[in-house]
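Worksheet: one structure, shown below.
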Amino acid sequence: MFSYQRVSVPDGVLLREVAGEAVILNLTTETYFGLDEVGTSMWRALTGCETVQCAYQVLLDEFDVDPEVLRSDLSKLLEELVAHGLLELDPA
């Protein structure tokens, strides 16, 4: 089960959306990351919900996807974004 941690965007991280896709840039580390439409929806859910669990539920309602596939894909994206300093996990 997903944790009830909050996700936050660190200072110096910018996101720009174009045609449903997004580019995320960390001005401090000069790291950038591109997201397709599904990844952009995941970003919006992660940054717009109170917890990671809430984001998972929102995405489960939005997409016709196997819950375990969504759990795995969301976990991988979140881990990658945190590892690159584009998101932070905070205790709920």
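Odds and ends about this structure:
- Check on Arg16, within 20 Å of Leu89 (Cβ to Cβ), open to solvent by 80 Å² or more (accessible area, probe 1.4 Å) and basic (Lys, Arg): no
- Index of the failed condition, Asp11 passing every other in (1) assigned to a helix (DSSP H, G or I); (2) under 21 Å from Pro91 (Cβ atoms): (1)
- Scanning the range 2-33 for residues that are within 12 Å of the chain's Cα centre (by Cα) and over 21 Å from Pro67 (Cβ atoms) yields Arg6, Ser8, Val9, Leu15, Ala22, Ile24, Phe33.
- Residues satisfying the stated conditions in the range 21-43, i.e. over 14 Å from Asp73 (Cα atoms), of a type outside the set (S, T, N, Q) and buried (at least 18 other Cβ atoms within 10 Å of the Cβ): Ala22, Ile24, Phe33
- For the range 46-76, a tally of residues being within 15 Å of Ser3 (Cβ to Cβ), surrounded by 13 or more Cβ atoms within 10 Å (Cβ to Cβ) and not basic (Lys, Arg) returns 11.
- Subset tally (residues that are within 23 Å of Leu15 (Cα to Cα) and charged (D, E, K, R)) for the range 57-92: 7
- Within the range 10-21, residues that are in contact (Cβ under 8 Å) with a residue 24 or more places away in the chain and over 13 Å from Arg44 (Cα atoms) have Cβ atoms under 7 Å from residues that are in a strand (DSSP E or B) and open to solvent by less than 30 Å² (accessible area, probe 1.4 Å) in these pairs: Val13/Ile24; Val13/Asn26, counting only partners at least 6 apart in sequence or on another chain.
The values are calculated or read from the model by the stated rules, or taken from the named source; none is laboratory data. What you are looking at is a predicted structure, and each value in this text was computed from that prediction instead of being measured. Glycine also receives a Cβ, built like all others from the backbone with ideal geometry; neighbour counts cover every protein chain displayed. All accessible areas refer to the heavy atoms of the entire protein, side chains included, with ligands and DNA or RNA removed. Shrake-Rupley method; radii C 1.70, N 1.55, O 1.52, S 1.80 Å.
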